[in-house]
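The values are calculated or read from the model by the stated rules, or taken from the named source; none is laboratory data. Quantities reported herein were computed from a predicted structural model and do not represent experimental measurements. Glycine gets a Cβ as well: all are built from the backbone with ideal geometry, and neighbour counts include every protein chain shown. Calculation scope for accessible area: heavy atoms of the full protein, side chains included, ligands and nucleic acids excluded. Shrake-Rupley method; radii C 1.70, N 1.55, O 1.52, S 1.80 Å.
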Amino acid sequence: PLIKDSLPSVVFYVVGSSASPEIKAYDSESVKILGYVPDIYPLLQTARVFVAPLRFGAGVKGKIGESLSFGLPVVTTSIGAEGFGLTSGKDVLIADTPTEFAANVSRLYHDSALWQLLADQGYSHIEEHFTPQVIGQTIETGLESLGVINRGTVKL
């Protein structure tokens, strides 16, 4: 409701399996509860802002990374940003209260300069830290430090 007040003509798509009855109750013309979506890429390609109001979870949140890799700016919580090394206002917007979260979504939606900055910086952050090549090198370095491999050769 806080976001709808500032963006009354925007349709908000909610994606994810096992939506609670509380979430399903928001289904309307302006809020579409899609549930599980087998291929999220068409939505990521047409969305203006990726909203991830995560309240719990651990490690790197995959859909946030996917969104950033599409150049789609993200508004999330501190929990959602965990594991990424993201900075609010540089790579994403981070807020932990409903009022601040809604304000960030509205601000990002309307501010084209901020939108472009976060789209570019978020994409660059993923390219620098989370491509398969970077992750592979991180794993290889870790295995070398443990003595499991030596310059790419596995010790049996």
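Comparing 88, 145, 106 in a Gaussian network model of the chain (Cα springs below 10 Å), the most mobile by mean-square fluctuation is 145. For the stretch 1-78, the solvent-accessible area with a 1.4 angstrom probe is 62 square angstrom per residue.
Couplings 3J(HN,Hα) for the stretch 125-142, derived from phi with the Karplus relation 6.51 cos²θ - 1.76 cosθ + 1.60 (θ = phi - 60°), are 4, 5, 4, 6, 10, 9, 6, x, 5, 5, 5, x, 5, 4, 5, 4, 4, x Hz, where x marks Gly and Pro.
Carbon and sulfur atoms: what percent of the 1.4 Å accessible area of the chain do they account for? With neighbouring chains kept in place, the figure for the chain is 58 percent.
For the chain, the Cβ-based charge dipole about the Cα centre amounts to some 180 debye (Lys, Arg positive; Asp, Glu negative; other atoms uncharged).
Using the Cα coordinates of the chain, the gyration tensor eigenvalues translate into equivalent-ellipsoid semi-axes of 34, 18, 14 Å, sorted from longest to shortest.
Only lysines eight or more places from residue 90 in sequence, or on another chain, were considered; those with a Cα closer than 24 Å are 61, 63. Between Rg and the Kirkwood Rh of the stretch 13-66, both from Cα atoms, what is the Rg to Rh ratio? On the Cα set of the stretch 13-66, Rg over Rh gives 0.95. Build a GNM of the chain with springs between Cα atoms under 10 Å apart, and of 136, 122, 80 the one that fluctuates most is 136.
Label positions at residue 26 and residue 111, each projected 7 Å from the Cα along the C-beta direction, are separated by 2.2 nm.
Considering all different alpha carbon pairs of the stretch 1-90, the Kirkwood hydrodynamic radius works out to 14.2 Å. Across 93, 43, 114, mean-square fluctuation computed from a Gaussian network of the chain (C-alpha pairs under 10 Å connected) peaks at 43. What the Cβ-Cβ distance of residue 56 and residue 36 gives, at R0 = 25 Å and to the nearest 0.05, is a FRET efficiency of 0.80.
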